[in-house]
Every structure is written in structure tokens, then in C-alpha cells.
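This report concerns only the one structure given below.
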Amino acid sequence: MSTRTDTATRRRTPRAKGATGKTGRTVTWPVKASADWFVRVFSMPATERVQVAKRGVPAVSIADLAKATGEPKEHVMALLGLSRATVDRKARANQALSVVESERVMGFAKLVGQVQAMVNESGDPAGFDAARWVAGWLERPLPALGGQPPGEYMDTAEGQQIVSGLLERARSGTFA
């Protein structure tokens, strides 16, 4: 029983800002999200994204993501299935989100990075704002999702994989 309590306590304990990935570099959550940072999240090995999620994404970062997308913070939290009360409480206490909450945030950042990487590959990324484009695209109903908007899938890891797969199929020309 004490092991269970210890494990639960560890999960709620504020995390350090970074984790050392297999590449030996420290993976940190940025003070301000940028196009380059989103691409870095998309490009980093999954094991490093897992380490960041386990360390915990700072709750205050939700406001930064909202600013990057041009959406209200409440909309970003709802999109990711995050409790406003929990995020606000943890942000005031300068605490990290839980592993599950952090995974959702990392998945969103990865999706923005995926779009930015696609645009970078096209050769003309000047003036393109991937975070704002993703925010708008997530609201549009898609036939590939039975008329549902991709944003309906962003509150689970599996749903985020589905949405990412749609973008990949669009990039490769196999979009249905």
C-alpha cells in the first residue's frame, strides 16, 4: 500500500524542466513556442517525447500554446480535454501537468510541428503560421472522419494519431 501512495505522490510532484534523452541533450519545454520548436517536437524520437511527458509539461505553457494558435486558452484546454480548474490551479502553483495531460499537450505540439515540417519541405515557409493553421483546420469537418472535425479527436493519444495520419496522407497524396 505504501508503494501505491509513493507512486501516486511521485506523479503529482512538480517535475524538473527537462529530461535527458537518449541523444544526451536535455529536452525542455520552451519559454515561448516557436515554429522551430514545434518542428523539434515533431522530429524528436518518441522516447524523448515520452520523457518530457513523464517529467510533466508546465501548466503555464497552455497559455503560451493558446497564444501561438490565436485561440482562447479555454478553447485549447477544451480541445485537449484538460480541466480548466486543474490547469489554472497547477499554473498558479507553478506545477507540471500530469503525464496524461502532458501527453495531450505534446501530441498537439507534435501535430503543429508536423504541419510546419511539411511546409518547410515545400520550400516556401515564409509567412506561414502552422499553429494558427492547425487551430483552424482542427475545426473543419472532414469527410475522412465521417464529417467530424479533427479537433474532436485531440483529447486522446489514439485520436491524435488518427489526425496525424490524415495529415500524412494529405502530404503523400493518398488522402481519402
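Read the figures in this text as sums done on the coordinates, not as results from a lab. All values reported here derive from a predicted model rather than from experimental measurement. All Cβ positions, glycine included, derive from the backbone under ideal geometry; neighbour counts span all protein chains shown.
For Ala78 and Ser122 in one chain, what is 0.36 nm times their gap in residues minus the Cα-Cα distance, to one decimal in nm?
Length difference between fully extended and current span is 12.7 nm.
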Residue separation times 0.36 nm, minus the C-alpha to C-alpha distance between Ile162 and Arg132: what's the value?
-> 8.8 nm
Cα centroid separation, the stretch 107-175 to the stretch 57-103 (Å) | 20
Quick note, the stretch 91-176: a/c under 1.5 would make it rounded; otherwise a/b > b/c is prolate and the rest oblate (a ≥ b ≥ c, C-alpha gyration tensor); here it is oblate
At R0 = 22 Å, FRET efficiency that the Cβ-Cβ distance of Arg169 and Ala46 yields, to 0.05 = 0.65
